[in-house]
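What follows is calculated from the coordinates using simple rules that are stated; it is not laboratory data. Please read all numbers here as calculations on a predicted model, not as lab measurements. No Cβ is skipped: glycine too gets one built from the backbone with ideal geometry, and neighbour counts run over all protein chains shown.
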Amino acid sequence: MGTGILHLIGRLCIAADVIRFKLSKVVLGFDNANRLLRIVDRRAAIPILLGNGAVIGKSCDIETPLIFDNCKSYANLRIGDNCHIGKEVFFDLRNSIIIHDSVTVSLRTTFITHLDVGKSPLKISAYHSTSAPIVLRNGCYIGANTTILMGVEIGECAIVGAGAVVTKDVPPRTVVAGNPARTIKKI
């Protein structure tokens with residue numbers, strides 16, 4: 001009897017988080033509502049993401065807090081089946097982030113899909129604003145505190161060591177680590 005009531009209370013809390021997000025989006029705008037993904041119950045993350053344009057497969061485990069930037073919806077986020085997204089993952093959704101099936105993204109991973117030097121004089125001479133998608137292929141593993149830069153594709157069943165900064169594609173079944181990430185071995 002007690003677990004039934006606890007389950008009902010849990011479902012009500014999830015519904016309250018989803019409603020709070022919707023209301024915040026209408027009243028305060030998407031940017032303000034977006035901040036709620038830093039504090040909502042982890043069970044509310046998937047319904048909120050799905051309700052705002054993300055595509056998420058079956059049997060995914062998505063932890064909170066999550067941090068999103070450069071977005072007016074979550075339409076640039078696609079996550080396949082059986083994925084794990086750890087706590088405090090940062091998603092720059094200026095361009096697409098595509099995570100295929102059975103991928104693990106450990107806590108505090110950062111995805112950066114664009115380069116923009118803002119109002120710096122560099123913008124005029126050398127660094128124009130650019131963006132490119134990030135793709136994580138089936139079965140890859142991303143270690144904690146990793147940064148993945150725009151245009152990178154992580155190959156099938158590749159492993160990225162904790163703390164790596166990935167600036168270029170990682171071939172399938174390859175282990176990379178370091179800053180910048182370098183091949184350690186083939187699997």
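Grab the other residues whose beta carbon is less than 14 angstrom from that of Gly178, score K and R as +1, D and E as -1, and report the net.
Details: positive: Lys168, Arg182, Lys185; negative: none.
So the environment of Gly178 carries a net charge of +3.
Along segment 63-80 the Karplus relation, 6.51 cos²θ - 1.76 cosθ + 1.60 evaluated at θ = phi - 60°, assigns HN-Hα couplings of 7, 10, x, 10, 10, 10, 9, 6, 8, 10, 6, 9, 4, 7, 10, 10, 10, x Hz to successive residues, with x for each Gly and Pro.
Amide H to amide H, with H built 1.01 Å from N, Gly163 comes under 5 Å of Ala144, Asn145, Thr146, counting only residues 5 or more places away or on other chains.
Angle of helix 2-28 to the longest C-alpha principal axis of the chain, folded into 0 to 90 degrees and rounded to 10: 60°.
Approximating the spin labels as points 7 Å out from Cα along Cα→Cβ, the Ala15-to-Val175 distance works out to 4.9 nm. Here Ile39, Ile85, Ile14 are placed in order of increasing Cβ neighbour count within 10 Å, fewest first, which gives Ile39, Ile14, Ile85. Distance from the alpha carbon centroid of segment 38-69 to that of segment 155-187 works out to 26 angstrom. Of all the options Gly139, Gly57, Gly86, the one that moves most in a Gaussian network model of the chain with Cα springs shorter than 10 angstrom is Gly57. Label separation (Lys185 vs Val165): 2.6 nm, computed from points 7 Å beyond Cα along the C-beta direction.
Would you mind counting up the charge near Asp169? Only other residues with Cβ under 14 Å from its Cβ, with Lys and Arg at +1 and Asp and Glu at -1. Summing Lys/Arg as +1 and Asp/Glu as -1 gives +2.
Rounded to the nearest 5, the antiparallel percentage of DSSP beta bridges internal to the chain is 15%. Placing unit charges on the Cβ atoms only, positive for Lys and Arg and negative for Asp and Glu, gives the chain a dipole magnitude near 140 debye about its Cα centre. Sorting Ile148, Ile159, Ile19 from the fewest to the most surrounding beta carbons within 10 angstrom yields Ile19, Ile159, Ile148.
Could you pull out the longest piece of the chain with no exposed loop trypsin sites (Lys or Arg not before Pro) in it, calling a site exposed if DSSP puts it outside H, G, I, E, B and it has at most 15 other Cβ atoms within 10 Å?
Longest run free of exposed loop sites: 1-57.
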